[in-house]
Amino acid sequence: MAKKRAVEAGTFASLTNYFHHRGHRETEGNAAKLVSSEDMKAQKTRVRFAPSPTGLLHVGNARTALYNWLFARHTGGDFLLRIEDTDLDRSEARHETQLMEDLRWLGLEWDEGPGVEGPHAPYRQSERLAIYREYTEQLLQESKAYRCFCTNEELEAERAKAVAEHRAQAYSGKCRSIDAERSAERAALGEPFAVRLRIPDHPLRFHDMVRGEVEFASDVVSDPILVRSGSGKTGGVPVYNYVVTVDDALMEITHVIRGDDHLSNTPKQVAIYQAFGWKTPEFAHLSMILGSDRERLSKRHGATSIASFREMGILPEALVNYLALLGWGAEGGTRETFSQEELTREFKLERVTASPAVFDWAKLHWLNRHYLKQAEPARLTELAWAYFEKAGWLPASDGSSAEIEAWFEMVIVLFLPALDQLDQLPEKAKFIFKFDAEAARADEENATLLATESAQKVLEAFAERVGSAASGSVTPEQFKAWMNEIKAETGAKGKELFHPVRIALTGAHSGPEFDKLIPVIETGSGLDLPVHVLSLRERVEQFLRA
Ligand code: GLU
């Protein structure tokens with residue numbers, strides 16, 4: 001352990017040197033330098049997605065991950081995954097596992113990170129605490145940061161006073177002037193303290209690729225806490241703003257692409273880069289995603305986790321395409337369907353819009369329909385199987401037969417044109433597996449359609465024919481021939497002719513084409529399924545009895 005730490009410490013020293021020697025050292029007072037296009041060519045781009053494993057991956061963060069991934073792939077750079085799990089109370093391993101599964105499902109493989117590792121491991125912040133402590137010591141030694149011994153009560157009183165006086169709630173700077181020796185003594189005696197950064201008294205500026213030049217006055221930022229209150233040499237738990245900066249610098253991140261909820265954190269991070277003399281990366285803060293009511297997208301707007309989209313039967317290529325369009329558009333055009341390769345080719349951060357994007361189910365469904373139609377039926381069979389297995393209509397897929405699989409593919413192809421998402425399939429296909437003659441009769445609209453004399457005649461004529469055929473043997477050609485005969489016999493045509501038959505076979509007067517439906521019903525009736533699929537003949541018999 002001791003040896004490992006020594007090696008790591010060596011690595012940090014050389015990394016710090018790396019930043020200094022490349023001429024990136026910034027003196028206080030310097031604004032964040034822009035990366036020129038020359039630099040960009042010389043330096044490989046490196047971006048990261050840095051989720052906190054405190055819950056499911058949702059639309060907003062997934063879009064952030066995608067834009068990072070696309071930017072890295074477009075520029076030939078690296079895409080890192082870093083797990084920000086310093087909030088131990090809220091972080092859970094199962095969320096991390098799910099998160100990685102969701103990213104892989106979206107096709108966003110990472111070049112460095114958990115499971116892949118890489119030159120900057122570990123990629124979990126909870127495993128990097130010793131690193132942060134070392135940098136805290138450095139900042140304290142250089143007096144860039146100081147120990148703050150203010151108690152919660154004191155800080156609370158300060159805040160209350162500021163509110164009462166209608167002032168901004170900034171830290172008073174009370175502990176700024178504690179003499180370094182005295183500060184170390186108090187810490188050595190076990191007095192708890194937080195560590196605060198000494199914010200310089202010049203404005204904090206940075207360049208944002210979406211928003212342009214951004215500037216924050218230093219008094220708005222006030223001396224931010226880097227490490228929460230605790231005792232020992234370097235206090236308690238380091239905070240997000242601090243560890244994110246240390247890690248982005250050590251991991252040589254060139255572009256920080258994230259949600260604009262972090263915009264107000266950025267000046268604090270810029271101040272930390274400056275305190276260390278590190279080069280500030282480029283930033284790109286992505287606009288919010290709103291619900292249809294123009295409020296920030298949240299649980300109120302329904303399921304928006306990536307896991308729930310997958311469960312619904314949204315295809316990953318549809319979701320990736322959709323997420324890409326939430327705030328970005330390709331150059332010169334109104335094109336909306338892009339494969340992941342096409343997105344990689346076309347994606348430019350410069351074309352990301354600063355105005356909020358509105359989440360639009362109709363468009364996601366439109367794209368999903370597009371990709372469902374393009375998908376191999378065998379793939380859809382595999383994806384949709386679980387819904388039917390759960391309903392008790394299909395056997396477990398590993399205990400199935402090739403015959404059943406081929407038939408289920410026919411079921412999918414039959415209903416595909418009517419689907420927005422795959423989980424709608426059982427409801428659409430319900431009448432195949434669970435034909436309910438009584439419910440079909442009880443339906444008011446059906447009852448009206450069947451009440452005419454012509455409908456009765458048609459039904460009788462159809463029953464006669466189907467009753468004389470062997471159960472499960474009717475072909476679409478046979479069906480067509482019967483319908484022509486019935487038309488001639490009864491004089492009924494169009495809806496008058498087809499509605500009664502359709503109701504008797506499916507329970508509804510509209511539905512999929514008979515040409516495709518009849519083979520599904522007849523073949524299904526001969527299969528060994530957990531529920532018996534009624535043949536045409538059995539359906540009509542039940543219907544007439546109901
Ligand atoms: N852990 C932060 C989040 O999930 C990361 C923000 C950032 O990218 O800096 O919001």
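In table form, for the structure just shown:
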| item | result |
| --- | --- |
| Kirkwood hydrodynamic radius of region 393-454, from inverse mean 1/r over distinct Cα pairs, in Å | 14.1 |
| Rounded tilt (10° steps) of 495-506 against the dominant C-alpha axis of the chain | 70 |
| For the chain, alpha-carbon Rg over 2.2 N^0.38 Å | 1.35 |
| Sequence ranges 438-450, 418-430, ranked by mean other-Cβ count within 10 angstrom, highest first | 418-430, 438-450 |
| With eigenvalues of the C-alpha gyration tensor scaled by 5 and rooted, region 360-435, Å | 22, 14, 10 |
| Inter-probe distance in nm under a simple model that places probes 7 Å from Cα toward Cβ, at GLU350 and ASP87 | 3.7 |
| Between 0 and 90°, nearest 10: helix 59-75 axis offset from the chain longest Cα axis | 70 |
| 10 Å binning of all Cα-Cα separations within region 423-546, expressed as whole percents from 0 upward | 13, 48, 33, 5, 0 |
| Equivalent-ellipsoid semi-axes of region 266-379, from the Cα gyration tensor, Å, largest first | 31, 19, 14 |
| Computed E for ALA217/ASP423 - FRET, C-beta separation, R0 45 angstrom, nearest 0.05 | 0.30 |
| DSSP beta bridge pairing in the chain, given as percent antiparallel to the nearest 5 | 55 |
| Simple label model, 7 Å out from Cα along Cβ direction - GLU403 to VAL116, nm | 4.7 |
| Fraction of alpha-carbon pairs over 26 Å apart in region 78-207 - percent | 49 |
| Under 16 Å from the TRP105 label point (7 Å along Cα→beta-carbon), backbone N, region 276-319 | 303-319 |
| Region 328-480 - Kirkwood radius from inverse mean 1/r over Cα pairs (Å) | 20.1 |
| FRET efficiency estimate (nearest 0.05) - Cβ-Cβ, GLU331 to THR54, R0 41 angstrom | 0.65 |
| Residues in region 358-373 that a label on ASP515 would reach, taking backbone N under 20 Å of a point 7 Å out along Cα→Cβ | 373 |
| Set of lysines near LYS279 by C-alpha distance (under 20 Å), chain-local residues within fewer than 8 positions excluded | LYS33, LYS41, LYS44, LYS144, LYS268 |
| Two-site FRET efficiency, HIS532 against LYS493, from Cβ-Cβ distance with R₀ of 25 Å, rounded to 0.05 | 0.15 |
| For region 140-203, alpha-carbon Rg over 2.2 N^0.38 Å | 1.23 |
| Between 0 and 90°, nearest 10: helix 152-164 axis offset from the chain longest Cα axis | 80 |
| Those lysines that a straight Cα-Cα span of less than 21 Å connects to LYS457, excepting residues fewer than 8 apart in one chain | LYS480, LYS487, LYS493, LYS495 |
| Peptides 506-518, 243-255, 304-316 ordered by average Cβ neighbours within 10 Å, highest first | 243-255, 304-316, 506-518 |
| Spacing of the two label points (7 Å from each Cα toward its C-beta) at VAL358 and ALA157, in nm | 5.1 |
| Within straight-line cross-link reach of LYS434, lysines at Cα separation under 17 Å, skipping those fewer than 8 residues along the same chain | LYS390 |
| Expected 222 nm ellipticity per residue - DSSP helices of 4 or more, -39500 (n - 2.57), all of the chain, to 500 | -15000 deg cm²/dmol |
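Values in this text are rule-based calculations from the coordinates and carry no lab data. Every value quoted in this text rests on a predicted model; they were computed, and no experiment measured them. Every residue, glycine as well, gets a Cβ built from its backbone with ideal geometry; the counts of neighbours run over all protein chains shown.
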